[in-house]
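The values are calculated or read from the model by the stated rules, or taken from the named source; none is laboratory data. Values in this document were obtained by computation on a predicted structure and should not be read as measured data. Backbone-built Cβ (ideal geometry, glycine too); neighbour counts: all protein chains shown.
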Amino acid sequence: MSYGGNQPPGYPPQGYPPPGYQQPGYPQPGGYQPGGYGYAPTPQYAPIGKRIGAWLLDVLVTLVAMIPGWIVFGIAIAVGASNADSRGQVQGPEAGAFVGLMLLGYALLFIGGLGVGIYNIYLLGKTGASLGKRWMKIKVFDQTGQPLGFWKAFARELVKGIIGNICFILWLWPLWDQEKQGLYDKLFNTHVYME
């Protein structure tokens, strides 16, 4: 029976999947792979230990990026202490240097912390893994198995930080959740997977 060169309804188009097509490693809900002809193995959710380890590594990288600010603060304190009068006040041109170094220290701390934070969010949105997550071999994907994109990753990390500041125990939510999701994962419909 001929369909005039067209496939019957519901069939993939001719030449589909294209040559070199690789099935995504993370399934759609229900495990079905679009363009695939069956089911892929379900990926394993990341355990809480790896997630906490990734967070600690991200914090460590941020602290390292802030070292120049702390060094400038140390220099400012040394300048202030060596030029302070009997009441502990810095007078004259040394006062200007002290204030300038303190402001520079604050700026370097802010730039270092913010720079690493934005870079990690960029990586999380583009590849699914911040530096710490990459080193712990875990990734965050949305319900379609794709990275989040910058703005969704930014919003997820912002909510994650707010939840952690309200009550640190809420970060442990994946311990008792069936799908190992944190509250922020549930809000953004994301999962953290092992690579």
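Each residue in the range 18-59 was checked for being at pLDDT 65 or above, among the hydrophobic types (A, V, I, L, M, F, W, C) and surrounded by 13 or more Cβ atoms within 10 Å (Cβ to Cβ), and 6 of them qualify.
Could you tell me whether any residue of the range 75-88 is at positive phi and at pLDDT below 95?
Of the range 75-88, the ones at positive phi are 88.
Imposing the further condition that a residue be at pLDDT below 95 reduces the set to 88.
The answer is yes; a qualifying residue exists.
In this structure, does residue 180 turn out to be at pLDDT 90 or above, charged (D, E, K, R) and within 18 Å of residue 43 (Cα to Cα)? In short, no. The set of residues from the range 143-174 being among the aliphatic types (A, V, I, L, M) and at pLDDT 85 or above comprises 148, 153, 155, 158, 159, 162. Screening residue 127 with (1) farther than 30 Å from residue 78 by Cα; (2) crowded, with 19+ Cβ neighbours inside 10 Å; (3) without any contact (Cβ under 8 Å) to a residue 40 or more places away in the chain gives one miss only, at (2).
Among what's in the range 147-164 and is in contact (Cβ under 8 Å) with a residue 12 or more places away in the chain and farther than 14 Å from residue 117 by Cβ, pick the residue that is surrounded by the most Cβ atoms within 10 Å (Cβ to Cβ). Don't jump to the end; show me each part of the working.
In the first step, residues of the range 147-164 are kept if they are in contact (Cβ under 8 Å) with a residue 12 or more places away in the chain; the result is 147-157, 159-160, 163.
Right, trim to farther than 14 Å from residue 117 by Cβ and you get 147-149, 151-152, 159, 163.
Working: 147: 19, 148: 22, 149: 12, 151: 10, 152: 17, 159: 16, 163: 17.
Among those that are in contact (Cβ under 8 Å) with a residue 12 or more places away in the chain and farther than 14 Å from residue 117 by Cβ, it is 148.
Give me the helices (runs of 4 or more DSSP H) completely within the range 99-195, filtered to those with at least 2 residues that are more than 21 Å from residue 49 (Cα to Cα), ordered by residue number. Explain how you work it out, then say what you get.
Details: elements: 131-136, 150-166, 183-188.
Correct list: 150-166, 183-188.
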